[in-house]
Amino acid sequence: MCGIVGLFLKDPKLEPKLGAMLTDMLITMTDRGPDSAGIAIYSEGKVGHGKLTIQSATPEVDFKNLDADLKDAIGKPVLMLVKSTHAVLEVPADQIEAARSALAQLRPAIKVMSVGEGIEIYKEVGLPKDVAARFEVAKMHGTHGIGHTRMATESAVTTMGAHPFSTGSDQCLVHNGSLSNHNSVRRELKQAGMTFETENDTEVAAAFVSHKLKEGSALGEAMEATLTDLDGFFTFVVGTRNGFGVVRDPIACKPAVMAETDQYVAFGSEYRAMVNLPGIETARVWEPEPATVYFWER
């Protein structure tokens, strides 16, 4: 049992409040997942720049002079914003891969949470309220985001085992459920060139969607493919640079509810996650149908 929340803003006036609204939604889902929590925030970013969100178990060591060391390695300016165990590195967009390669050499213990133009992912072990406070998520601006509270059932409670999982540029996925064929799908994806950091079945789902997008599928098509190629019971919420999508397996035994107004589209594992959203009392509220893809893009 895990908790998922998501928010896609239609009204730019709400963008300064995205982090605060998602934080409230996430904390409401604490009893569905007290082990760890994570959140992905998408913003417009800076033209010509990309971001790497990174994590370290020893930030006082790994983050010391990291921006200067990376600048020396890639020969381009690097801006670094440290937030507790995470940091956001901003580099010229054409230097993203060079920076990632240099990072692996300079600080091999660091883990990359996300890479892209707009995405930042923050996740750690602990109660959702503590994780959100640690990274000051409530102060973050953005266009859309997704979050997850985890109750581990099949793998260890670790930072890397927390959701969201990001396996492609500006892409991420959160999951409530369990996949029965993740080992065989992982083998196939490895043969196709995908890499993995954990044994978590959710990382397989994220990599599956990323692989489909890389092959040229649209977001809706990639999510449709999960219904035929992934076995088990699941609710997935997917984020991309421009969009936000939801799909449930054909049995749909995991709870899910959605709400839409002129200002936003929201997702929650339960309706109570959305009760404090503006205008929720007049929103169109519905339960996503089984084996049906819902997505919104800018």
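Work the Kirkwood hydrodynamic radius out for segment 1-87: mean of 1/r over every pair of different alpha-carbon atoms, inverted, in Å. Final number for the Kirkwood radius of segment 1-87 is 15.8 Å.
Shown here: Rg and Dmax of the Cα atoms in Å, derived from the displayed model; of the candidates [x] 18.0, 55; [y] 19.3, 66; [z] 23.8, 84, it corresponds to [x]. In this structure, residue 134 and residue 15 have a Cβ-Cβ separation that, at R0 = 30 Å, corresponds to a calculated FRET efficiency of about 0.85.
Rounded, prolate or oblate, given the Cα gyration tensor of segment 46-117, with a/c below 1.5 counting as rounded? Prolate is the answer for segment 46-117, as a/c is 1.5 or above and a/b outweighs b/c. For segment 158-205, applying the loop criterion from DSSP together with a ceiling of 16 other beta carbons within 10 Å to the GluC sites (Glu not before Pro) yields 197, 199. Over the residues of the chain, the helix contribution to mean residue ellipticity at 222 nm works out to -7500 deg cm²/dmol, using -39500 (n - 2.57) for each DSSP H run of at least 4. Going by a ≥ b ≥ c, the root eigenvalues of the Cα gyration tensor, does segment 127-182 fall in the rounded group (a/c under 1.5), the prolate group (a/b larger than b/c) or the oblate group? Note, shape of segment 127-182 comes out oblate.
How much length, in nm to one decimal, is gained on full extension between residue 253 and residue 141, taken as 0.36 nm per residue of separation minus their Cα-Cα distance? Write out the running numbers ahead of the final one.
Details: separation 112, 0.36 × 112 = 40.32 nm, distance 3.34 nm.
Taking 0.36 nm per residue and subtracting the Cα distance, the gain is 37.0 nm.
The relative contact order of segment 46-117, computed from alpha carbon pairs under 8 Å that lie at least 6 residues apart in sequence, is 49 percent. Each part gets one Cα centre, and for segment 96-111 versus segment 212-264 those centres are 31 Å apart. Residue-normalised convex hull volume from the C-alpha trace of segment 156-298: 115 Å³ per residue.
How large is Rg over Rh for segment 5-157, taking Rg from the Cα atoms and Rh as the Kirkwood inverse mean of 1/r across Cα pairs?
Details: Rg = 15.8 Å, Rh = 16.0 Å.
So for segment 5-157, dividing Rg by the Kirkwood Rh gives 0.99.
All C-alpha to C-alpha distances of segment 91-172, sorted into 5 Å bins beginning at zero, yield P(r) values of 3, 12, 20, 23, 20, 14, 7, 1, 0 percent in whole numbers.
Every read-out reported here was derived from the displayed coordinates using simple, explicitly stated rules and does not represent laboratory data. In this text the structure is predicted, and so the values were computed from the model without any measurement. Ideal geometry is used to build each Cβ from the backbone, glycine not excepted, and the neighbour counts take in all protein chains shown.
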